[in-house]
1. For V367 and V511, FRET efficiency with R0 = 22 Å and r from the beta-carbon atoms, rounded to 0.05?
2. Put +1 on the Cβ of every Lys and Arg and -1 on every Asp and Glu Cβ in the stretch 510-549; which of T529, V511, Y545 then has its Cα farthest towards the positive end of the dipole?
3. Helix 319-333 against the longest principal axis of the chain: what's the angle in degrees, Cα atoms only, rounded to the nearest 10?
4. With +1 on each Lys and Arg Cβ and -1 on each Asp and Glu Cβ, and nothing else charged, work out how big the dipole of the stretch 13-65 is about its Cα centre, in Debye to the nearest 20.
5. Please give the contour-minus-distance gain from H88 to D527: 0.36 nm per residue of separation, less the Cα-Cα distance, rounded to one decimal in nm.
6. Take A37 and D49, extend 7 Å from each Cα along the Cα→Cβ direction, and tell me the distance between the two endpoints in nm.
7. Report Rg/Rh for the stretch 438-505, rounded to two decimals, where Rg is the Cα radius of gyration and Rh the Kirkwood radius.
8. For the stretch 166-180, what does the Karplus curve 6.51 cos²θ - 1.76 cosθ + 1.60, with θ = phi - 60°, yield as ³J(HN,Hα) per residue in whole Hz, taken in order and with x for Gly and Pro?
Amino acid sequence: MSETTADLTRPDRLPQWEALGKHRRELGGTHLRKLFAADPDRGSRYTLDVGDLHIDYSKNLVTDETLALLRELAEARGVAALRDAMFHGEKINITEDRAVLHTALRSPHDVVVEVDGHNVVPKVHSVLNKMCVFAERVRGGDWTGHTGKRIRNVVNIGIGGSDLGPAMAYEVLRPYTRRDMTFRFVSNVDGADLHEAVRDLDAEETLFIIASKTFTTVETITNATAARRWLLERLGGDQAAVAKHFVALSTNAEKVTEFGIDPDNMFEFWDWVGGRYSYDSAIGLSLMIAIGPDHFREMLAGFHLVDEHFRTAPPEENAPLLLGLLGVWYGNFWDAQSHAVLPYSHYLSRFTAYLQQLDMESNGKSVDRQGNPVEWQTGPVVWGTPGTNGQHAYYQLLHQGTKMIPADFIGFAEPVAELGELAGQHDLLMANFFAQTQALAFGKTPEEVAAEGVPADLVAHKTFRGNHPTTTILAKELTPSVLGQLVALYEHKVFVQGAIWDIDSFDQWGVELGKVLAKRLEPVLTDGTGGEALDSSTAALVRRYRTLRGR
Ligand code: F6P
């Protein structure tokens, strides 16, 4: 590629990028206190409503001009055109030559989405229907184990996108789950994970769901093989038991059959579903068994609602576009290195972990779509845990540290119904939710601190600079649909950022090297062979490991 062509694709060479840089310098240290004082309507003007989500972005370091400039950048980068290409099934995952069609997983029947001239929507619905039938059979006791006992335990074995989505959503939707069944999620190749998941289960009542897009992922196949051994040891070694206790979720029928799972017990998905975008595909089977097909469909409808919003809403009202642009603003013009997602719902305890894969595997890239090194910041470190726990741990740094950490606060007006008298604690939880964004934005000046009679030598310590940007996402209730809306919101936010940064958000080559090296190292650890070319640090560590293991 010639220098000139490459330059045209570089976001940082665009006049809109330069204008944002200039605008940032002009804003300097303008305080949110000043922005709020200058516009009494700011708190209602800078809000968006999408489905059940109310998004308040007024506590961000932006003005009307900032937002206009950011939207101009999105236009110059062709975000809308790339979005349309994604929805139309074009192969926008260029390094893998694949379409990116998680949105088709939640399309109604009558929508036509073509990949290579074939409509994929009927296939989606056919698998969804097969999942619903199976889920009802398991839930109703009609699908029994090898010895005729009903299934009471479901163990999903998968990793990355084949684990995080269903595991997260299961936690989120616990109040909707079959409380008389046990659901566990095994991902780590550390045998402790599987051991703890099955040690108290009755094999006769246990169904293993082996979730792997490729069906070659070493962690998953190792755990699945161990689970098969565990089952057969307990069921008298009859291989026929596998058919009643193992099902697969995969794109790879050949490998599934090779493993010994009946292809009739395989729930299919396709190469145009990225692993981290897959939990509303067959990968969600464990979740569907837990919450039932109707709630699963409600969740899909929530996803679709936000898909349609992203596809059709004008830029000024487009929530994923806005969230994506705010991230670009802080990452590229304020040097923010990380982004906190702080849910004020215990049920969202795994939500940020899920977002870490979604965001960091998608946008943790350092070459552009043409393979040139990027000279601008790309994806942030995403982190966070549910409030109020974080308040008693790391919020100190958010309030008084030296780092710029934009944060999303997610909360709900209603506690879940089944909390009973514990629901009375909800106002206290939400008082903290609102108080934190208030404190982060407005802080406490030295004058205010001194006026409270604080000794002069402590004033600086008790001052809160404020001006820390936050976005608040508030919904009435945490329902299956709201979960779908939230996930789709973040999926499309990540998409917007990848489009601005000119990176392929849908490949993940960065996970490959570690896999190859681990495969090479395993025999070195086990029998000491093949380690001649190791660097001195790794060689010494491996020697010590082997000595400690008595080898
Ligand atoms: O970590 C790399 C990765 O390929 C993820 O993108 C994916 O979600 C995970 O591994 C699991 O892959 P599979 O579903 O093929 O087992």
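The values are calculated or read from the model by the stated rules, or taken from the named source; none is laboratory data. No experiment lies behind these values; they were computed from the predicted model shown. Cβ: placed from backbone, ideal geometry, glycine included. Neighbour counts: every protein chain shown. Please note that ligands, DNA and RNA were not included when accessible areas were found on the heavy atoms of the full protein model with its side chains. Shrake-Rupley method; radii C 1.70, N 1.55, O 1.52, S 1.80 Å.
1. That pair, V511 with V367, gives E of 0.90.
2. Of the listed residues, the answer is Y545.
3. 70 degrees
4. Numbers: 9 positive and 9 negative charges, 80 e Å.
Computed about the Cα centre, the dipole is about 380 debye.
5. Working: separation 439, 0.36 × 439 = 158.04 nm, distance 5.19 nm.
Net length gain for the segment: 152.9 nm.
6. A separation of 3.2 nm, rounded to one decimal place.
7. Reported Rg/Rh (Cα atoms, Kirkwood Rh): 1.28.
8. x, 5, 5, 5, 4, 5, 4, 9, 3, x, 9, 8, 6, 6, 8
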